Amino acid sequence: MRMTPQHVKDIAMPIDLFENISLIDHHCHGVVRETLDRPRFERLISESHTPPPAGTSYFQKPIGLAVRRYCSPVLDLPALASAEEYCSRRVELGAEEVNRRLMQATGLGMLLVDTGHRSDSITGHEELGEIADVPSREVVRIEAIAEKVAHSGIAADQFADAFANALRSAAKHAVGLKSIIAYRASFNVDQTAPTDNELRIAVSKWLQTIEAEGQARLEDPVILRYVLWTGADLCRERAFPMQLHVGFGDEDIYMHACDPTHFTDFFKAVEPWAFPVTLLHCYPFHREAGWLAEIFPYVYFDVGAILNYTGPSHGDIVGEALELGPFTKQLFSSDAFGLPELYYLGAVYFRRGLNKRLNTWIESGDCLESDAREIARLIGYQNTQRIYQLER
């Protein structure tokens, strides 16, 4: 059938549900200040600790397509410019200009920044906020504070009080805490607080390792349990959200043991304390995270960085997160680290994925436009604004 102007008019066009909505990125990291050559750039679009195999490139995967497709025009290149053209243009513009352009093109309204990961090699939260020209607040990583205390030369029997005081001091102006216990010991561990004697023995061994080797990251499950429960107590006191790393991440995790359902006993134990627990990025356990958010009143989740890494398939992840997870329990995050591209792509793919899925629901009669706009606001910024008490 020939399409007439009237037929064209009658076809429902997608609605931009994010018009005038500034997202709040509730989990992200700083960006690098240095101008990057191609090898260093490629390392930051991979979760691997090694360069790509000889004769291949990290651009040859979904996130590489994403960078070339969406970030190129922000740097005055045609969409899908080659990897070589893209990296050359980055060098030509310099890090300061690249960071400014991409960060200010995100449409973000606020950044909640985890400052505990490789903080000496990236911007802090205040500098990042200045680059993006938006407010920023700090989220304190509890294991980073514990490592700082342990490396200060303290005695084993002084560690518990010293850590508790250091955490409280570090969190004075923060909006939340974060734990990476899943990275360091997995979720498949004893989820009770250790006894004083258990802690003293574990800390003594850790400090001996530090003395012998000069440094040692926190991996002992007993100490991790102590700092987790100390953090939980502070969250109870200040109604802080506690962020938990889940699933997708560096190669040093055992993925099957990062399924958040392994941590059910902890969620049950802290439920009476009534502070929010936010499950970060979650892939491939985003459906499990949605179930936990349905079951437990204070559990929230996001799909974070996996939208960047799945590239053109990002919409599938967004749709799967919407299958069960309550709209009031989902959050937006980019989990961007090092590259402003990851912020930009995170915002682009979140908006595109959610917008497309909700428009499908409108077209099929499964929700009203007003419902879809409410869902976009809830997940885009309102849930984060509420649980992190940002209006205060």
Please list, ordered by first then second residue, the pairs with beta carbon atoms under 8 Å, 6 or more apart or interchain, first in the range 28-50 and surrounded by fewer than 13 Cβ atoms within 10 Å (Cβ to Cβ), second of a type in the set (V, I, T). D37/V91
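Yes/no per residue for (1) closer than 30 Å to E96 by Cβ; (2) out of contact with any Phe, Trp or Tyr (no Cβ under 6 Å at 6 or more places or on another chain); (3) of a type in the set (D, E, K, R):
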{"site": "H314", "(1), (2), (3)": "yes, no, no"}
{"site": "V318", "(1), (2), (3)": "no, yes, no"}
{"site": "L322", "(1), (2), (3)": "no, yes, no"}
{"site": "K329", "(1), (2), (3)": "no, no, yes"}
{"site": "F332", "(1), (2), (3)": "yes, no, no"}
{"site": "D335", "(1), (2), (3)": "yes, yes, yes"}
{"site": "L342", "(1), (2), (3)": "yes, yes, no"}
{"site": "I362", "(1), (2), (3)": "no, yes, no"}
Scope the range 175-188; condition closer than 23 Å to G116 by Cα and outside any strand (DSSP E or B); matching residues: V175, I180, I181, A182, Y183, R184, A185, S186, F187
Considering only helices (runs of 4 or more DSSP H) fully contained in the range 255-319, which possess at least 3 residues that are closer than 17 Å to F187 by Cβ? 264-270, 286-295
Checked against (1) under 25 Å from the mean Cα position of the chain (by Cα); (2) farther than 21 Å from A305 by Cβ; (3) without any contact (Cβ under 8 Å) to a residue 12 or more places away in the chain; (4) exposed (fewer than 13 other Cβ atoms within 10 Å of the Cβ), Q60 satisfies every condition except (2)
All positions within the range 329-359 that are touching a Gly at 6+ places or on another chain (Cβ under 9 Å), more than 30 Å from C87 (Cα to Cα) and open to solvent by 20 Å² or more (accessible area, probe 1.4 Å): K356, R357
Return the residues of the range 369-384 that are of a type outside the set (D, E) and either surrounded by fewer than 17 Cβ atoms within 10 Å (Cβ to Cβ) or over 16 Å from the mean Cα position of the chain (by Cα) (or both); say none if nothing qualifies. S370, A372, R373, I375, A376, R377, L378, Q382
Quick test for you: out of Q208, Q215, pick the one residue that is surrounded by fewer than 18 Cβ atoms within 10 Å (Cβ to Cβ), polar (S, T, N, Q) and modelled with pLDDT under 95. Q215
Mind checking whether some residue in the range 102-117 is more than 24 Å from L331 (Cα to Cα) and either among the hydroxyl-bearing types (S, T, Y) or free of Cβ contacts under 8 Å to residues at least 60 places away in the same chain (or both)? no
The number of residues in the range 134-183 that are of a type outside the set (A, V, I, L, M) and either touching a residue at least 24 places away in the same chain (Cβ under 8 Å) or open to solvent by less than 30 Å² (accessible area, probe 1.4 Å) (or both) is 17
Is the range 293-312 home to any residue that is within 19 Å of N359 (Cα to Cα), surrounded by fewer than 20 Cβ atoms within 10 Å (Cβ to Cβ), among the small types (G, A, S) and in contact with a Gly (Cβ under 9 Å, 6 or more places away or on another chain)? no
I'd like to verify a number: residues in the range 230-243 that are assigned to a helix (DSSP H, G or I) and either open to solvent by less than 40 Å² (accessible area, probe 1.4 Å) or at pLDDT below 95 (or both), how many? 5
Which of (1) surrounded by 19 or more Cβ atoms within 10 Å (Cβ to Cβ); (2) over 19 Å from the mean Cα position of the chain (by Cα) is the odd one out, the single condition E92 does not satisfy? (1)
Go through the range 13-27 and give me each residue that's small (G, A, S) and open to solvent by less than 10 Å² (accessible area, probe 1.4 Å). none
Would you call S204 in contact (Cβ under 8 Å) with a residue 40 or more places away in the chain and assigned to a loop (DSSP other than H, G, I, E, B)? no
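The values are calculated or read from the model by the stated rules, or taken from the named source; none is laboratory data. Everything numeric here is computed off the predicted structure, so don't read it as measured data. Using ideal geometry, Cβ is built from the backbone for each residue, glycine included, and neighbour counts are taken over all protein chains shown. Only protein heavy atoms, including side chains, enter the accessible area calculation; ligands, DNA and RNA are left aside. Shrake-Rupley method; radii C 1.70, N 1.55, O 1.52, S 1.80 Å.
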